[in-house]
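Here the structure is laid out as C-alpha cells; the discussion comes afterwards.
The values are calculated or read from the model by the stated rules, or taken from the named source; none is laboratory data. Quick caveat, the model's predicted, so the values are computed rather than measured. Here the Cβ positions follow ideal geometry from the backbone for every residue, glycine too, while neighbour counts run over all protein chains shown. Note: accessible area is taken over every heavy atom of the protein model, side chains too, but ligands, DNA and RNA are not part of it. Shrake-Rupley method; radii C 1.70, N 1.55, O 1.52, S 1.80 Å.
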Amino acid sequence: MSKRGMGRAGSLDKTVENMKKLGFTPSDIKAIGITNQRETIIAWDKYSGQPLYNAIVWLDTRTAKEVDDISSKSNLKVIADRVRYLCGLPISTYFSALKIKWLLNNVPAVKTAVEEDRCLVGTVDSWLIWNLTGGKSGGLHMTDVTNASRMMLMNIDTLKWDPYLCNYFKIPMNLLPEIRSSSEIYGYLTRTVLQGVAISGCLGDQQAALVGQMCFRPGQAKCTYGTGCFLLFNTGQQVGSLSAQSIKI
C-alpha cells in the first residue's frame, strides 16, 4: 500500500481507537461505508500504488477555455446536446471528464502510464476502495452509480460507461472503475484493525445527504451548505435539466 494509502488505514485505526474510548470494540463494527467529495479526480499507478499527479478537485477551472470554445461554436452545439442527452449533464469544468482529458493531455507521467497500461483513474471513492481492499496487491477498482453519474461519462439510462462519451472525451474505458450499486459488498479491508470487515456502502456526498434526509419520494429535496449551496431534488424516473443518479440499491 502506498504511503497515502497507509494514511487512509491510519485514519481508520485512529477512528477505532476513539470508538474504544466510547465502549465499543472492533468486533462491533460489521461493515463500513464511504461517502466522498464528488467529481474530484485522481490518477495513479496500479503497480506502485502512487498517484501520478495531484488530485484535481471539483471546483478546478483549468478546462474553462475548452468549455468556452465548445459553448461558442454553433457547429459543436449538436455534440454538446448529445452529451447532455446521454449523461444528463451539461459540458462544464465541474464534472470529471474534462479533468481526466486534461491529465491525459498535459501530464507526462499519466501519458506514459496509460501507454504502459499502468494507469487507473477514478474519483476519491475509487481511490479509497482500491487502497483499502489491497492497493497494488489486488485492490479492487470500483465506484458506485452516484459518483459515476457525475463524471460526464456514464449513460444515465444504462448506468454504464458510454462508448460515445468516452470516445468524444478521448478517455480509454479500461482506465475507469467498474460501476456498482450504492449498497452491496464491494470488498473487504485487507489491513488495519478492521481487516476482514466489508465495505458495503458507497455514495457521493450530496446524494448521501439526500438519502440521509430520507428524500426517497419524487418531489422531495434537500439543501446543504458548505463550500457551496447544493440543492438536490428527487425527480423519480424523470430526467431534469441537470440530472444525476441519486442512489441504486
Among S27, S182, S126, the residue with the largest mean-square fluctuation in a Gaussian network model of the chain built from Cα contacts under 10 Å is S27
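Is there a quick way to get the dipole size of the chain? I mean about its Cα centre, with the Cβ of Lys and Arg at +1 and of Asp and Glu at -1; what is the value in debye to the nearest 20?
Details: 28 positive and 20 negative charges, 48 e Å.
The calculation lands at about 220 debye.
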With every protein chain kept in place and a 1.4 Å probe, region 132-199 has an accessible area per residue in Å² of 39
Between Q220 and residues 5 or more places away or on another chain, the pairs with built amide H atoms under 5 Å apart involve N234
Of the candidates F24, I41, L232, the farthest towards the positive dipole end of the chain (Lys/Arg Cβ +1, Asp/Glu Cβ -1, centred on the Cα centre) is F24
Percent of all alpha-carbon pairs of region 31-96 at distances over 16 Å, whole number, is 62
In debye to the nearest 20, the charge dipole size for region 1-119, taken about the Cα centre with +1 at each Lys and Arg Cβ and -1 at each Asp and Glu Cβ, equals 200
Calc'd 3J(HN,Hα), region 160-171, phi into Karplus 6.51 cos²θ - 1.76 cosθ + 1.60 (θ = phi - 60°), Hz, glycine/Pro = x, comes to 10, 4, 9, x, 5, 5, 5, 5, 4, 8, 6, 10
Per the helix-only model, the chain has a calculated mean residue ellipticity at 222 nm (DSSP H runs of ≥4, -39500 (n - 2.57) each, divided over all residues, rounded to the nearest 500) of -10000 deg cm²/dmol
Which of T63, T192, T224 fluctuates most in a GNM of the chain (C-alpha springs under 10 Å)? That residue is T224
For the table K222/K248; K65/K99; K73/K160; K46/K111; K65/K160; K14/K136, the rows whose alpha-carbon distance is greater than 20 Å are K73/K160; K65/K160; K14/K136
Labelled set (1) 31, 24, 15; (2) 38, 20, 16; (3) 30, 22, 18; semi-axes √(5λ) of the Cα gyration tensor in Å computed from this model equals the value at (1)
Under 5 Å from the placed amide H of Q50, counting only residues 5+ away or on other chains, we find D45
Carbon plus sulfur, as percent of the 1.4 Å-probe accessible area of the chain, comes to 54
Of L132, L120, L12, the most mobile residue in a GNM of the chain (C-alpha springs, cutoff 10 Å) is L12
Of all DSSP beta bridges having both residues in the chain, the percent classed as antiparallel (nearest 5) is 60
Exposed chymotrypsin sites (Phe, Trp or Tyr not before Pro) being those in a DSSP loop with at most 13 other Cβ atoms within 10 Å, the longest stretch of the chain free of them is 48-215
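Taking the Cα centre of region 109-249 as origin and charging only Cβ (+1 Lys, Arg; -1 Asp, Glu), how large is the dipole, in debye to the nearest 20? Please list the in-between numbers first.
On the way: 11 positive and 10 negative charges, 38 e Å.
Using Cβ point charges on Lys, Arg, Asp and Glu, region 109-249 gives about 180 debye.
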With Cα coordinates, the longest principal axis of the chain makes an angle with the long axis of helix 3-21, in degrees rounded to 10, of 50
Mean separation of Cα contacts under 8 Å (at least 6 apart) over the residue count of the chain, i.e. the relative contact order in percent, is 24
For region 32-73 the trypsin sites (Lys or Arg not before Pro) that pass both the DSSP coil test and the at-most-13 other-Cβ-within-10 Å test are R62, K73
With x for Gly and Pro, the residue-by-residue ³J(HN,Hα) of region 106-116, computed from phi through the Karplus equation 6.51 cos²θ - 1.76 cosθ + 1.60 at θ = phi - 60° and given in whole Hz, is 10, 10, x, 4, 6, 4, 5, 5, 5, 4, 9
Going residue by residue through region 97-103, the Karplus relation 6.51 cos²θ - 1.76 cosθ + 1.60 with θ = phi - 60° gives ³J(HN,Hα) values, rounded to whole Hz and with x marking Gly or Pro, of 4, 5, 5, 5, 4, 4, 4
